[in-house]
Amino acid sequence: MNTQQPTTPAAVSFWQAFLFWLKLGLISFGGPAGQIAIMHQELVENRRWISERRFLHALNYCMVLPGPEAQQLATYIGWLMHKTRGGIAAGVLFVLPSLLILIALSWIYIAFGNVPLVAGLFYGIKPAVTAIVVQAAHRIGSRALKNNLLWAIAAASFVAIFAFNVPFPLIVASAALLGYLGGRLAPAKFTAGGGHHSTAKPSYGPALIDDHTPTPEHAIFRWSRLVQIIAIAALLWLVPMGLLYGLFGWQHTLTQMGWFFTKAALLTFGGAYAVLPYVYQGAVGHYQWLSPTQMMDGLALGETTPGPLIMVVAFVGFIGGYVQAVFGSDYVFWAGALAATLVTWFTFLPSFIFILAGGPLIESTHNDLKFTAPLTAITAAVVGVILNLALFFGYHVWWPHGFSPDLAASLAGLDWIALIISALAAIALFKFRRSVIQVIIGSAFLGLAAKLLV
């Protein structure tokens with residue numbers, strides 16, 4: 001019997017980590033839930049670069065931030081390991097492959113989207129997206145909802161946003177308050193394990209950044225460092241926005257995209273799944289950069305490419321710039337590509353700032369329950385919001401012409417084929433544990449067959 005204990009992994013150089021972050025950017029399919037699972041498997045279980053407790057503490061911080069939590073988590077771990085350049089490399093490489101792929105796919109979509117072959121494939125993909133979002137809620141919930149109190153918070157957040165249309169920032173604030181009070185009154189319910197201190201918890205061995213590893217020198221909070229980061233961040237936002245305003249004016253499509261997606265990055269909480277309704281409302285309803293159908297197709301494309309799901313904003317930008325022909329009819333592709341790049345810049349810039357500026361504060365709290373309990377409660381609340389988003393997508397896919405309160409009319413308007421594809425996708429995901437890509441491909445062919453046969 002081999003009783004030898006695993007040893008601490010060897011130190012990892014910046015370039016070793018760089019290659020891993022590049023690989024992650026190319027294989028990170030499955031939305032935030034899948035991407036976080038990949039990072040946990042690679043960084044906690046296999047490579048042991050960071051302990052599970054430190055990983056979950058960073059994840060809870062990223063979950064409470066506005067913006068894409070998986071990309072922010074990669075940035076956080078990269079920063080913790082290799083200072084600012086490590087965080088920037090991890091965050092950029094998480095996004096860059098997806099941006100380039102989506103620019104190419106967006107052009108194919110807008111140029112050839114009316115071809116029956118392409119239309120049929122998208123018809124099948126969109127119902128599968130609803131099942132994928134439900135699975136995301138299940139996967140995050142299975143890790144976050146470890147006791148009845150956290151389940152109750154998730155249920156309350158769902159009712160609040162679904163039935164009463166409560167703004168998500170208010171849900172976050174309420175959950176944080178409940179977590180803070182709960183951490184004082186019932187601390188066992190709001191620990192990282194949610195009150196389940198199971199002896200069956202897997203032990204992966206010592207990690208490079210372990211539970212009791214001292215905070216690295218660069219991760220210690222300093223006011224001078226915070227002021228420096230905020231000043232640089234302000235310049236990185238003001239320079240491109242100033243150029244857009246000076247060259248095109250405030251009402252120009254590109255300037256308005258920069259402003260809208262800055263607000264989207266700062267004012268929406270809960271990660272990609274929570275930000276999408278806000279983007280839908282603004283890009284489709286207010287600015288009319290694209291149609292509801294195009295927005296759903298963009299979400300489907302986002303699910304089929306690596307990187308954060310919120311990269312659907314690159315699709316929104318490309319379609320808006322292309323259709324508006326902001327540089328004239330001879331340069332529609334370049335208009336779309338520039339719009340997609342600008343939208344990505346303004347969407348992700350705050351994410352880097354939140355990590356580089358807030359990371360030192362969070363690192364000082366990873367053993368402090370009064371900070372971790374609110375984050376645990378917020379993570380539970382996010383599960384309810386994601387479930388609401390699944391219903392939001394299902395409504396638009398299953399009733400493409402709108403839902404009627406009249407039973408007969410609603411049954412007549414129901415797209416039964418889309419509903420069946422959603423059900424089959426859910427069975428493939430939950431029962432047979434097929435990957436997101438396998439489900440997307442299978443659903444695409446079902447949609448194509450339905451369009452050709454009906």
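The values are calculated or read from the model by the stated rules, or taken from the named source; none is laboratory data. Keep in mind it's a predicted model, so treat the numbers as computed, not measured. Positions of Cβ are backbone-derived with ideal geometry, glycine not excepted, and every protein chain shown enters the neighbour counts. Just so you know, the surface numbers come from the protein's heavy atoms only, side chains and all, with ligands and any DNA or RNA stripped out. Shrake-Rupley method; radii C 1.70, N 1.55, O 1.52, S 1.80 Å.
Annotations
- Surface accessible to a 1.4 Å probe, residue 363 within the full protein complex, Å²: 10
- Calculated FRET efficiency for the pair residue 117/residue 221, C-beta based, R₀ 56 Å, to 0.05: 0.50
- Centroid-to-centroid separation of the range 82-154 and the range 390-450 [C-alpha atoms, Å]: 17
- Cα centroid of the range 277-291 to Cα centroid of the range 320-346, whole Å: 17
- Spin-label model, residue 170 to residue 395: label points 7 Å out along the Cα-to-beta-carbon direction sit 1.7 nm apart.
- Inter-label distance, nm, simple model (7 Å from Cα along the C-beta direction), residue 329/residue 293: 2.3
- Computing Rg and Dmax of the Cα atoms in Å for the structure here picks out one of (1) 23.6, 71; (2) 22.2, 73; (3) 22.0, 66, namely (2).
- Extension gain, residue 432 to residue 8: 0.36 nm times the residue separation minus the Cα-Cα distance gives 149.0 nm.
- Phi angles of the range 225-231 translate, via the Karplus equation with coefficients 6.51, -1.76, 1.60 and θ = phi - 60°, into HN-Hα couplings of 5, 4, 4, 4, 5, 5, 5 Hz per residue; Gly and Pro are given as x.
- Residue separation of residue 162 and residue 213 scaled by 0.36 nm, minus their Cα-Cα distance, works out to 14.1 nm of gained length.
- Heavy atoms of the protein chains alone define the surface here; on that basis the range 227-329 has 38 Å² accessible area per residue at 1.4 Å probe size.
- Rounded to the nearest 500, the 222 nm mean residue ellipticity of the chain from helices alone is -24000 deg cm²/dmol, with -39,500 (n - 2.57) taken per DSSP H run of at least 4 residues.
- Sequence of 122, 248 from largest to smallest accessible area, 1.4 Å probe: 248, 122
- Taking amide H atoms as placed 1.01 Å from N in the peptide plane, the amide H of residue 209 lies under 5 Å from those of 50, 51, each 5 or more residues away in sequence or on another chain.
- The listed residues 416, 289 rank as 416, 289 when sorted by accessible area, largest first, using a 1.4 Å probe.
- Taking 0.36 nm per residue of sequence separation and removing the Cα-Cα distance, the residue 267/residue 234 pair yields an extension gain of 10.2 nm.
- If you sort 40, 401, 138 by accessible surface, 1.4 Å probe, largest first, the order is 401, 138, 40.
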